[in-house]
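Working notes, beginning with the structure itself.
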Amino acid sequence: MTVPWLELGISVALAAGFACVGEIVLRRRSSELASWNESFLAGMGVGAAALFPLSLILPGRAVLATVALLLLASVGVVARRLVLRPAALRGGSRTLDTETRLVLGLAALVALCFAALNFRYNYAWDGFQIWASKAQLLSVRGSLTRDWYPGDVYELRHVPYPPLVPLYEALLGLLRGGFDFDRLKPIFLVFFLSMLVSMFSALRATSSPRLAAVGTLMLALVPSLSTRWAAGAYADMPQAAMLAGVVAACLSPGDRALPWLIGGLTAVKAEGTVLAALACAGIFLFWLLEGPRVFPARVRREAGSIAIVACLVGLRLAYVRWSRAADEVYGSFDTAHLRTAIGRILHVGRLCAVELVHFPRWGLLWPAFLAAAIVLIVHGTAREKSVAIATSMAATVLAVPFLFTTWPLELHVAQAYYRLLAQLAPAAVAVTVLGYARARL
Amino acid sequence: MADLRVAFRDAGPSVFTPLDRKQMGAVRAALPAGASLLLVATTDDAWHARLWQRAFYPEHTVIVRYAPLRADELKRLRDQYAIHHAVSLGVTPADPGFRSHEDLGTLPGLPARVWFGELEP
């Protein structure tokens with residue numbers, strides 16, 4: 001195995017640049033790994049969302065403009081740190097007991113295995129044919145465009161795919177002096193580590209370090225996030241990393257990164273828009289549960305955060321509309337398709353249920369999640385209830401598109417549902433661990 | 001474990017195998033600068049068709065079509081992209097109108113063969 005050290009270094013430098021963008025939009029000074037990680041995710045979401053307007057304003061130079069933004073943000077953050085005194089460390093003692101260290105060590109070992117697999121494993125289909133290809137187009141053309149490779153027709157459906165992963169890959173290509181399909185994998189190690197940091201941070205906010213470490217190890221061991229498709233450069237694991245950030249922000253009261261991270265979901269994969277809508281539904285539910293009488297006042301107080309999410313979702317929808325790509329995978333929303341969809345409900349439900357109990361892929365994660373969700377809905381705090389309900393809704397809502405698919409139904413569910421569940425896995429693990437903690441009380 | 005076997009026994013260090021590079025190098029050497037290329041493949045060889053397209057981009061435009069290719073579409077593509085050369089992939093590769101062609105061997109690990117040649121005017 002050859003470790004691409006140069007590209008790994010550039011990927012980390014780009015992550016630092018995105019984190020600096022995050023520091024600026026979040027108007028804060030991070031002092032620990034968890035908050036730097038959150039800034040990285042927020043900055044990357046903003047950078048990817050900004051690529052569309054930049055492509056309109058600076059056609060052919062949007063990727064270069066993104067580099068300029070990262071540089072400016074980095075200079076700004078470094079200058080501010082040189083001028084102002086360092087921020088005080090948040091939180092209390094950093095001491096972890098032996099068992100927690102051991103479990104975290106195991107999670108680090110899994111990360112090392114992922115790294116070994118990632119640097120050696122070939123591209124899987126979408127990783128090459130969609131995501132890295134979009135990165136090549138972005139790299140050559142310098143901005144988002146309305147077409148795919150010359151002469152392609154069916155593949156035009158890939159044009160409106162969100163640009164976060166391709167942008168990161170194209171930036172890596174630009175900074176290493178040339179785009180090379182064989183040198184893009186280091187970014188996936190960054191996403192994997194970010195996902196684990198977010199998971200620990202999410203669970204640490206509400207439970208003991210030991211349980212947080214166990215949850216982190218559980219997530220690291222989910223095969224669809226640490227083996228084939230993740231190592232094959234698919235965008236599902238990066239989407240899970242962004243969702244892990246959302247879960248961490250949801251479980252930390254008053255975390256101002258939350259709206260940026262929810263908006264960031266829409267920049268990774270198309271279904272991120274659905275996840276963003278469900279996250280918003282979960283937050284509205286939390287506000288309702290926390291104080292039904294003050295709900296309108298709460299909504300007014302959070303108008304700024306709502307505007308951030310609306311702006312990022314609006315950019316995503318504008319990009320889809322601008323791309324003018326026809327979707328041939330899902331039927332139109334008319335009476336005939338609705339009738340077919342209704343007739344498929346039970347069949348799709350059964351196919352998805354079979355996937356949820358597919359032991360080699362998931363172990364007992366989803367049955368455990370279901371039990372934990374019930375515990376949290378009955379006995380949890382308003383915050384825990386909301387996360388459990390939103391995650392359960394997501395597992396259901398993500399199956400709805402199959403009702404409208406034009407593909408052979410069994411094939412489509414078999415190929416896609418477990419990848420959708422993989423994106424949701426950080427929330428499922430969080431609910432499972434929180435439910436266990438609540439059941440022990 | 002299955003993934004480790006794929007990664008460390010079967011997978012190579014590049015998405016383009018040495019044989020891919022050799023075949024692509026032969027085509028690249030024979031193509032005039034900036035020339036467009038028609039690539040006809042069976043749907044079984046879709047991965048390699050797109051692999052070739054990405055490998056030649058942006059120096060050469062590769063128009064990918066799956067067999068069978070209609071004569072009117074072939075004419076339209078040739079006119080639109082000024083195509084004079086083609087690559088054909090398949091167990092028995094389709095003939096999109098070669099004046100002559102060279103057999104570059106099989107696709108890596110597959111029975112499908114790679115033909116390259118100049119098209120009839």
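Things worth noting here:
- In the stretch A:236-264, the residues that are over 23 Å from A:Y418 (Cα atoms) and among the hydroxyl-bearing types (S, T, Y) form Cβ pairs under 8 Å with partners that are part of a loop (DSSP other than H, G, I, E, B) and open to solvent by 10 Å² or more (accessible area, probe 1.4 Å), at six or more places apart or across chains, as follows: A:S252/A:A205.
- Applying the condition of being among the hydrophobic types (A, V, I, L, M, F, W, C) and assigned to a helix (DSSP H, G or I) to the stretch A:203-213 and asking which residue is surrounded by the most Cβ atoms within 10 Å (Cβ to Cβ) yields A:L203.
- Matching residues in the stretch A:404-432 - criterion: being open to solvent by less than 10 Å² (accessible area, probe 1.4 Å) and within 21 Å of A:S252 (Cα to Cα): A:Q423, A:L424, A:A425, A:P426, A:A427, A:A428, A:V429, A:A430, A:V431
- Of the listed requirements (1) touching a residue at least 24 places away in the same chain (Cβ under 8 Å); (2) in a helix (DSSP H, G or I), A:S31 misses just one: (2).
- The residues of the stretch A:371-403 that are in a helix (DSSP H, G or I) and surrounded by fewer than 18 Cβ atoms within 10 Å (Cβ to Cβ), listed by number, are A:A371, A:I374, A:I377, A:V378, A:H379, A:A382, A:M393, A:T396, A:V397, A:V400.
- Residue match in the stretch A:28-48 (condition: hydroxyl-bearing (S, T, Y) and surrounded by fewer than 15 Cβ atoms within 10 Å (Cβ to Cβ)): yes
- Complete set of residues in the stretch B:95-121 that are in a loop (DSSP other than H, G, I, E, B), in contact with a strand residue (DSSP E or B) (Cβ under 8 Å, 6 or more places away or on another chain), of a type in the set (G, A, S) and at pLDDT below 95: B:G97
- Note on the stretch A:218-240: among residues that are open to solvent by 30 Å² or more (accessible area, probe 1.4 Å) and not polar (S, T, N, Q), the one that is modelled with the lowest pLDDT is A:R228.
- Residue within the stretch A:247-259 that is open to solvent by 20 Å² or more (accessible area, probe 1.4 Å) and at positive phi present: yes
- When each of B:P68, B:P96 is tested for being more than 12 Å from every other protein chain (Cβ to nearest Cβ), over 28 Å from A:N122 (Cβ atoms) and buried (at least 20 other Cβ atoms within 10 Å of the Cβ), the lone residue that passes is B:P96.
- Residue, nearest to the other protein chains (Cβ to nearest Cβ), within the stretch A:116-145, restricted to residues that are open to solvent by 40 Å² or more (accessible area, probe 1.4 Å) and part of a loop (DSSP other than H, G, I, E, B): A:N122
- Condition met for A:A13 (in contact with a helix residue (DSSP H, G or I) (Cβ under 9 Å, 6 or more places away or on another chain), open to solvent by 20 Å² or more (accessible area, probe 1.4 Å), of a type outside the set (K, R) and in a helix (DSSP H, G or I)): yes
- Taking every residue in the stretch A:196-212 that is within 22 Å of A:Q239 (Cα to Cα) and pairing it with any residue that is in a loop (DSSP other than H, G, I, E, B) and of a type outside the set (G, A, S), at least 6 positions away or on another chain, the pairs with Cβ-Cβ distances below 9 Å are A:A205/A:P253; A:A205/A:D255; A:A212/A:T206.
- Candidate set from the stretch B:34-44 (those that are at pLDDT below 95 and away from chain A (no Cβ under 13 Å)); member that is nearest to B:T61 (Cα to Cα): B:T42
- Flag for A:S39 being touching a residue at least 12 places away in the same chain (Cβ under 8 Å) and touching an Asp or Glu at 6+ places or on another chain (Cβ under 8 Å): yes
- Enumeration of residues in the stretch A:146-202 that are open to solvent by 30 Å² or more (accessible area, probe 1.4 Å), within 14 Å of chain B (Cβ to nearest Cβ) and part of a loop (DSSP other than H, G, I, E, B): A:D147, A:P150, A:V153, A:F179, A:D180
- Complete set of residues in the stretch B:13-23 that are within 14 Å of another protein chain (Cβ to nearest Cβ), charged (D, E, K, R) and surrounded by fewer than 19 Cβ atoms within 10 Å (Cβ to Cβ): B:R21
- The residues listed here are B:A55, B:A26, B:A7; of these, the one that is part of a helix (DSSP H, G or I), modelled with pLDDT of 95 or more and at the interface with chain A (Cβ under 10 Å from one of its Cβ atoms) is B:A55.
- In the stretch A:221-251, the residues that are farther than 26 Å from B:R5 by Cα and assigned to a loop (DSSP other than H, G, I, E, B): none
- Just one of (1) within 13 Å of chain A (Cβ to nearest Cβ); (2) exposed (fewer than 14 other Cβ atoms within 10 Å of the Cβ) fails for B:H60. It is (2).
- Some residue of the stretch A:217-237 being more than 14 Å from chain B (Cβ to nearest Cβ) and of a type in the set (V, I, T): no
- Among the residues of the stretch B:63-94, those that are free of Cβ contacts under 8 Å to residues at least 40 places away in the same chain and in a loop (DSSP other than H, G, I, E, B) comprise B:A67, B:P68, B:L69, B:R70, B:T92.
- Residue selected from the stretch A:429-441 under the condition over 10 Å from A:G215 (Cα atoms) and not charged (D, E, K, R), by the criterion nearest to the chain's Cα centre (by Cα): A:G435
The values are calculated or read from the model by the stated rules, or taken from the named source; none is laboratory data. Because the structure is predicted, anything quoted here is derived from the model rather than measured. Reconstructed Cβ throughout: ideal geometry from the backbone, glycine too, with neighbour counts over all protein chains shown. Heavy atoms of the whole protein, side chains included, go into the accessibility calculation; ligands, DNA and RNA do not. Shrake-Rupley method; radii C 1.70, N 1.55, O 1.52, S 1.80 Å.
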